[in-house]
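The values are calculated or read from the model by the stated rules, or taken from the named source; none is laboratory data. Just so you know, these numbers come straight off a predicted model, no measurement behind them. Please note: Cβ atoms are built from the backbone with ideal geometry, for glycine as well, and neighbour counts cover all protein chains shown.
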Amino acid sequence: MLYDVLIAPFLDMADSPVFFAEVVIVGLLTGVMYSLVALGFVLIFKASGVFNFAQGVMVLFAALTLVGLMEHGVPTWLALILTVVIMVVLAYGIEWFMLRRLVNQEGIILFMATIGLSFVLQGLGETMWGSNVKALDIGIPDASFEVSGILLNEFDLFAAASGAVLVAVLAVFFHYTRIGRALRAVADDHQAALSVGIPLKTIWVIVWAVAGMVGLVAGIMWGAKSGVQFSLSLIALKALPVLILGGFTSVPGAIVGGLIIGVGEKVAEIYWGPLFGGAIENWFAYVLALVFLLFRPQGLFGERIIERV
Amino acid sequence: MTENTRKIGNTLLRVDDITLSFGGVHALNGVSFEIKEHEILAIIGPNGAGKSSMLNVINGFYHPQKGTIAFEGRERKRMRPHVAAEQGIARTFQNIALFKGMSTLDNIMTGRMLKMKRSFLWQALYWGPALKEEIENREFCEKVIDFLEIQAIRKTPVGKLPYGLQKRVELGRALAAEPRLLLLDEPMAGMNVEEKEDMCRFILDVNDEFGTTIALIEHDMGVVMDISDRVVVLDYGRKIADGSPDAVRANGEVIDAYLGVSHE
């Protein structure tokens with residue numbers, strides 16, 4: 001039994017390295033998709049200390065809007081621009097109807113509000129565009145090809161590349177620009193931020209709009225892969241272990257966390273799955289997160305809470 | 001003692017008949033005073049006298065029920081924090097309000113927020129004018145860092161710094177805004193003698209070199225008498241004295257307020 005768990009899987013890996021590489025790559029590419037979703041959470045959490053339960057639904061809403069517009073005969077590029085505009089308007093709406101009313105409230109109250117928001121958004125999206133499963137095709141090629149014996153998929157690579165670009169831009173933006181600094185400042189201390197003249201409301205609109213964009217990118221990638229439907233909002237649940245691994249406040253953490261979960265669950269499924277009767281993939285991420293919580297509750301890159309007493 | 005070589009100018013800020021209450025508690029009761037350009041004004045008084053409330057009214061965190069605030073001649077019923085910042089009022093807090101996860105340099109850079117005007121798009125690209133602007137402002141912040149002698153902790157997250165240094169960084173953030181009026185809420189609380197001396201020196205230098213007007217709240221009477229040009233005394237939300245340090249020290253009502261004896 002111990003041999004089966006501890007040794008046999010590694011022998012299998014060594015036996016066919018090409019297959020192992022394929023598994024890892026598929027895992028990495030899935031991981032990028034998880035990262036994209038997790039990123040939306042991190043942005044909002046960093047800038048307002050709010051855990052945005054509605055992020056998954058924002059992904060769904062963005063994808064639904066895009067598909068809905070395209071079904072009405074709007075050309076792809078125009079539909080994309082319109083969706084971006086709608087996400088910005090949505091950010092304004094959220095600031096106006098929700099955040100503004102809840103300044104200085106406890107985090108848990110804001111969290112409850114985002115749960116409400118998720119129902120509103122889901123209802124709104126499905127009322128506007130219908131609740132049937134929609135196929136999303138924005139013309140990304142989806143052919144497979146082989147590099148030194150390893151099978152790759154163009155679509156997955158495209159998704160990974162756009163994820164990487166998005167992350168790079170966000171990282172620079174957060175760390176080196178005035179607005180990025182303002183975002184971090186607001187996350188740290190509302191009152192101090194106000195005293196140096198940071199307009200809280202504008203910052204909130206910006207951050208929710210950016211989270212909307214990230215949601216849109218994630219929505220496009222996932223939607224193109226598995227169709228746009230309600231279950232799209234459930235991938236937000238996969239983002240939770242990613243966040244626990246990477247830390248709630250770290251952009252790079254969201255990326256690395258996503259990759260670890262992606263690779264981890266694929267490798268576990270292929271090599272250890274049979275021992276457990278399969279379908280490890282569905283719960284592996286959560287177990288991994290649980291182990292992390294035991295040993296490193298702030299995540300890989302999260303800020304440790306420093307308190308002087 | 002300050003050799004008063006700086007010329008004290010006209011009224012920079014005037015608060016008039018400010019009344020502020022929380023429920024039934026009167027924090028401030030018809031308080032009026034002026035802050036003149038280039039001066040160092042100390043606001044003193046026993047605990048609960050309404051000193052911090054006064055600063056919060058000036059910079060717009062609290063909105064008084066009655067009275068007006070006139071900054072540079074412009075009269076207002078109430079300030080708003082970001083308006084106050086735009087007008088050139090910077091402040092520090094009694095219980096340090098720094099951005100704890102950010103480095104010293106980043107904290108001080110947030111003080112430059114309002115000096116940086118490039119649009120969101122340029123910012124996002126981090127290129128062209130936005131980059132140039134970033135560099136210029138960074139240079140200014142380096143000057144502030146040199147001035148406050150905190151070069152060594154430039155990259156340290158401020159949450160890790162000892163208390164005295166955090167106070168200094170907070171002063172740096174306020175200075176980065178090149179304020180017209182600097183409000184300091186107990187800048188020396190909890191410091192040891194050496195740190196206090198440093199802080200006094202910085203306050204005097206700021207006032208001297210940049211001509212910044214300063215209003216500060218402080219409990220250490222030695223410090224207050226040493227560095228301030230004028231002293232306003234609050235007690236139970238009312239102003240009980242306003243004058244030179246020497247005049248205030250000799251004032252009977254002030255002595256009563258501090259010692260709690262009836263004076264007959």
Give the residue, chosen from A:VAL133, A:VAL147, A:VAL167, that is away from every other protein chain (no Cβ under 11 Å), touching a residue at least 12 places away in the same chain (Cβ under 8 Å), surrounded by fewer than 21 Cβ atoms within 10 Å (Cβ to Cβ) and over 19 Å from the mean Cα position of the chain (by Cα). A:VAL133
Selected residue (criterion: nearest to the other protein chains (Cβ to nearest Cβ)) from residues of the range B:72-89 that are among the small types (Gly, Ala, Ser) and crowded, with 24+ Cβ neighbours inside 10 Å: B:ALA85
Condition test on A:VAL205, is it among the β-branched types (Val, Ile, Thr) and more than 14 Å from chain B (Cβ to nearest Cβ)? no
Taking the conditions exactly as written (at pLDDT 85 or above and within 14 Å of chain B (Cβ to nearest Cβ)), does A:VAL242 satisfy them or not? no
Scan (1) in contact (Cβ under 8 Å) with a residue 40 or more places away in the chain; (2) surrounded by fewer than 17 Cβ atoms within 10 Å (Cβ to Cβ); (3) within 14 Å of another protein chain (Cβ to nearest Cβ) for the single condition A:PHE230 breaks and write down its number. (3)
Taking the range B:86-106 and keeping only residues that are closer than 16 Å to B:ARG180 by Cα and either within 12 Å of the chain's Cα centre (by Cα) or assigned to a strand (DSSP E or B) (or both), one is left with B:GLY88, B:ILE89, B:ALA90, B:ARG91, B:THR92
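Quick grid of which residues meet (1) in contact (Cβ under 8 Å) with a residue 12 or more places away in the chain; (2) surrounded by 14 or more Cβ atoms within 10 Å (Cβ to Cβ):
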residue	(1), (2)
A:ILE25	yes, yes
A:LEU43	yes, yes
A:SER48	yes, yes
A:ALA62	yes, yes
A:GLY68	yes, yes
A:VAL74	no, yes
A:LEU78	no, no
A:TYR92	yes, yes
Quick one: would you say A:ILE220 is facing chain B (nearest Cβ under 9 Å) and either crowded, with 19+ Cβ neighbours inside 10 Å or in contact with a His (Cβ under 6 Å, 6 or more places away or on another chain) (or both)? no
Which one of the conditions (1) within 28 Å of B:LYS132 (Cβ to Cβ); (2) buried (at least 23 other Cβ atoms within 10 Å of the Cβ); (3) touching a residue at least 12 places away in the same chain (Cβ under 8 Å); (4) touching a Gly at 6+ places or on another chain (Cβ under 6 Å) does A:LEU183 fail to meet, given that it meets all the rest? (4)
Can you tell me which residue in the range A:8-51 is farthest from A:LEU194 (Cα to Cα), limited to those that are of a type in the set (Gly, Ala, Ser) and not in a helix (DSSP H, G or I)? A:SER16
Criterion first (touching a residue at least 24 places away in the same chain (Cβ under 8 Å), under 21 Å from A:SER233 (Cα atoms) and part of a helix (DSSP H, G or I)) does A:VAL88 satisfy it? yes
Taking the range B:42-69 and keeping residues of a type in the set (A, V, I, L, M, F, W, C) and under 13 Å from the mean Cα position of the chain (by Cα) leaves B:ALA42, B:ILE43, B:MET54, B:LEU55, B:VAL57, B:ILE58
Please specify each residue of the range A:191-207 satisfying the condition of being assigned to a loop (DSSP other than H, G, I, E, B) and among the β-branched types (Val, Ile, Thr). A:VAL196, A:ILE198
Filter the range B:242-264 down to the residues that are within 23 Å of B:SER21 (Cα to Cα) and modelled with pLDDT of 90 or more and list them by number. B:ASP242
Considering only the range A:170-202, state which residues are at the interface with chain B (Cβ under 7 Å from one of its Cβ atoms) and of a type in the set (D, E, K, R). A:ARG178, A:ARG181, A:ARG184, A:ASP188, A:ASP189
Among B:THR92, B:THR110, B:THR68, B:THR104, which is in contact with a strand residue (DSSP E or B) (Cβ under 9 Å, 6 or more places away or on another chain), modelled with pLDDT of 85 or more and within 11 Å of chain A (Cβ to nearest Cβ)? B:THR92
Of the conditions (1) within 18 Å of B:LYS7 (Cβ to Cβ); (2) within 14 Å of chain A (Cβ to nearest Cβ), B:ALA177 satisfies every one except a single condition; which number is it? (1)
Residues that are touching a helix residue (DSSP H, G or I) at 6+ places or on another chain (Cβ under 6 Å), farther than 20 Å from A:VAL26 by Cβ, assigned to a helix (DSSP H, G or I) and among the aliphatic types (A, V, I, L, M): does the range A:233-242 have at least one? yes
Please pick out the residue among A:GLU95, A:GLU22 that is among the acidic types (Asp, Glu) and under 20 Å from A:GLY257 (Cα atoms). A:GLU22
Which one is nearest to the chain's Cα centre (by Cα) among residues in the range A:193-205 that are aliphatic (A, V, I, L, M) and surrounded by fewer than 24 Cβ atoms within 10 Å (Cβ to Cβ)? A:VAL205
Of the numbered conditions (1) surrounded by fewer than 21 Cβ atoms within 10 Å (Cβ to Cβ); (2) touching a residue at least 24 places away in the same chain (Cβ under 8 Å), B:THR212 satisfies every one except a single condition; which is it? (1)
